[in-house]
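Computed from the coordinates by the stated procedures, all read-outs in this text should not be read as laboratory data. As the structure is a computational prediction, the values presented were derived from the model and not from experiment. Glycine gets a Cβ as well: all are built from the backbone with ideal geometry, and neighbour counts include every protein chain shown.
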Amino acid sequence: MMERRDFSEYLAQAARETEQALDAILPEPEAAAERQLYQAMRYSVLAGGKRLRPALFFATLDAFSAPRAPFFHFAAALEMIHTYSLIHDDLPAMDDDDLRRGQPTCHKAFDEATAILAGDALLTHAFAVMARPILQVPAERQLKALGTVSWLAGVGGMVVGQAAELALSGQPLARAMLDCIYAKKTGALFSAAVSSAAILCGASDVQLHALGCYAEKMGLAFQVIDDVLDMESTADVLGKPVGSDEKNSRYTYASLLGCDAARHAAQTAAEEAVGYLVDFDRRADMLRQFPDFFVNRIS
C-alpha cells in the first residue's frame with residue numbers, strides 16, 4: 001500500500017516539472033504595450049497551486065508506461081486552461097472574489113480588462129502549445145487529444161457547467177442536477193487531463209470510457225469537498241474567500257445535505273472512481289490515490 005508521504009512527493013515532483021514547463025512556454029513581452037498582459041498571465045499562472053491536472057496527466061502516462069519528457073508542455077497547457085478559468089471565475093461578473101491562492105486576484109492586482117485578456121490569452125496560448133508537434137506521437141492521435149481537451153474545456157464541459165451554475169443561482173436544485181453541473185464544471189477538466197494523456201498513449205475505447213467515468217466521479221468528490229470547505233474552513237487555510245456559495249445564492253451538496261452527509265457522498269464518489277480502474281494494473285496505482293486525496297484535503 002502506498003504511503004501518503006509517497007503520494008505527496010509525487011504531487012510535489014509533478015508540480016516542479018509543471019512550473020519549469022510553464023516558465024518555458026509563457027511568453028515574454030517584446031514591446032512595452034504587451035508588458036502588463038504578460039505580467040498578468042505570469043502572475044496568475046505562477047502563483048502556486050497544487051497543479052493537480054498536470055499531475056493527473058502524468059499519472060495517466062504512468063499507467064501506460066509512457067515517459068513524461070515529451071509531454072511536459074502539453075501538461076503545462078492544461079494548467080494554463082485551469083488558470084484562465086480561475087481568473088474569469090474571480091471577476092465581479094462571476095464570483096467577485098478578491099483573493100486567490102493567498103494573494104489578490106488578477107483583476108485586483110491589475111484591472112478587470114487586463115484580467116479578461118489574460119484569461120483569453122492563457123486559453124488560446126494553451127491550445128497553441130498543445131498543437132506543437134510531439135515527435136513521439138502520430139499526428140492524428142495528438143489531434144484527437146487536442147480536440148478532446150477543447151471539447152471538455154468548452155461547450156462539452158467546463159464552460160457549460162459554469163453557465164448552468166450561473167443560470168440556476170438562487171433556485172432549489174435536486175441532487176441529480178448538482179451532479180450534472182459538477183460533472184461539467186469540475187469533472188470535465190479532470191477528464192480532459194486523464195483522457196488526453198490516455199489518447200496520446202494510444203488507449204483503447206474501453207480504457208478511455210473507464211478513465212472518463214473515473215474522472216467524472218473524482219470531479220464530483222472534489223467539488224463536494226469544495227462545497228464543504230466553503231462552509232467550514234477559513235480564508236487563511238484555503239487562500240481564497242469562504243462563504244462564496246452563500247454569497248452568490250448557490251445550492252450545493254453542503255447546503256442541500258449538510259456537511260456530514262456531503263462528506264459521505266464525496267467518499268462514496270471517490271470509491272466509485274477507483275472502481276472504474278479495476279481493469280488497470282499496478283501502473284495505475286497513482287491514479288488510485290487521487291480520489292482519496294481529494295476527499296481528505298483541507299484546502
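Each other residue within a Cβ distance under 14 Å of MET94 adds +1 if Lys or Arg and -1 if Asp or Glu, for a net charge of -3.
Between region 60-84 and region 118-141, the alpha-carbon centres lie 11 Å apart.
Summary value for the chain: 19 percent relative contact order, contacts being C-alpha pairs under 8 angstrom separated by 6+ residues.
Filter the GluC sites (Glu not before Pro) in region 80-168 down to the DSSP loop ones having no more than 13 other Cβ atoms within 10 Å, then list what survives.
On the way: sites: GLU112, GLU140, GLU165; in loops: none.
Sites meeting the loop and neighbour criteria: none at all.
Subtracting the Cα-Cα distance of ASN296 and ALA33 from their residue separation scaled by 0.36 nm leaves 90.2 nm. When +1 charges are put on Lys and Arg Cβ atoms and -1 charges on Asp and Glu Cβ atoms, the dipole computed for region 4-296 relative to its Cα centre reaches about 580 debye. In the chain, a dipole from Cβ-located charges (positive for Lys and Arg, negative for Asp and Glu) runs towards its positive end, and of ALA69, ALA12, LEU256 it is ALA69 whose Cα lies farthest in that direction.
Under the rule of -39500 (n - 2.57) per DSSP H run of 4 or more residues, summed and divided by the residues of the chain, what mean residue ellipticity at 222 nm is obtained, to the nearest 500 deg cm²/dmol? Intermediate results must be reported in sequence, preceding the final value.
On the way: 16 runs with 202 residues, N = 299.
Mean residue ellipticity, 222 nm, calculated: -21500 deg cm²/dmol.
Place the peptides 212-222, 32-42, 83-93 in order of packing, highest mean first, counting for every residue the other Cβ atoms within 10 Å and averaging per peptide. Mind dumping the intermediate values first?
Working: 212-222: 25.3, 32-42: 15.5, 83-93: 19.8.
The peptides rank, most packed first, as 212-222, 83-93, 32-42.
For region 1-86, the Cα-based Rg and Dmax, in that order, read 14.5, 54 Å.
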